[in-house]
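To start, the structure itself, in C-alpha cells.
Since every read-out is calculated from the coordinates, none of them should be taken as a lab result. Source: prediction; values computed, not measured. When we count neighbours, we look across all protein chains shown, and the Cβ atoms used for this are built from the backbone with ideal geometry, even at glycine.
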Amino acid sequence: MKRTRWLTRLSCGLVGLSLALGLSSCAEEPAAYYPQAWIDYPSGETPIQLGTEVAVISHGFAHEGVAEVVLSVNGEPYRRDAPPEAGTDFVSLRQVWIP
C-alpha cells in the first residue's frame, strides 16, 4: 500500500514537471515582430454607395520595413501601393476603391 502511494506521487510529480518544462520552452516571439495591417476608414458600419469613390485609409507595420500595402476586396487583391518612404516600419496610406 505504501509502495503504491509512493509510485502514484512520483508519477504525478514527473508528469507535472514535464508539463512545466514543456510549457516553459514554448515561448513565442512578441506580436510586435509580426507584420500587421488594419483599415481605419471606412468602418464595417459605414454605408457605401455603388459606383462612388471610397477613400480607404489604412496602416501597416512590419518590424523590418513595409514593402507594399495590398488592398484586398473579398479576398482578392484590388490594389497594391508602395509606401512613400521605402523601408519605413510604420506606414499610413490612402487608397481609392470603387465598389
- Query: Quick one: what pairs do we get from segment 53-65, first residue under 11 Å from residue 42 (Cβ atoms) and free of Cβ contacts under 8 Å to residues at least 24 places away in the same chain, second basic (Lys, Arg) and surrounded by 15 or more Cβ atoms within 10 Å (Cβ to Cβ), C-beta under 8 Å, 6+ apart or different chains?
  - Reply: none
- Query: How about segment 80-99: which of its residues are β-branched (Val, Ile, Thr) and assigned to a strand (DSSP E or B)?
  - Reply: 91, 96
- Task: Could you list, in sequence order, all residues of segment 44-79 that are assigned to a strand (DSSP E or B) and exposed (fewer than 12 other Cβ atoms within 10 Å of the Cβ)?
- Result: 55, 72, 73, 76, 77
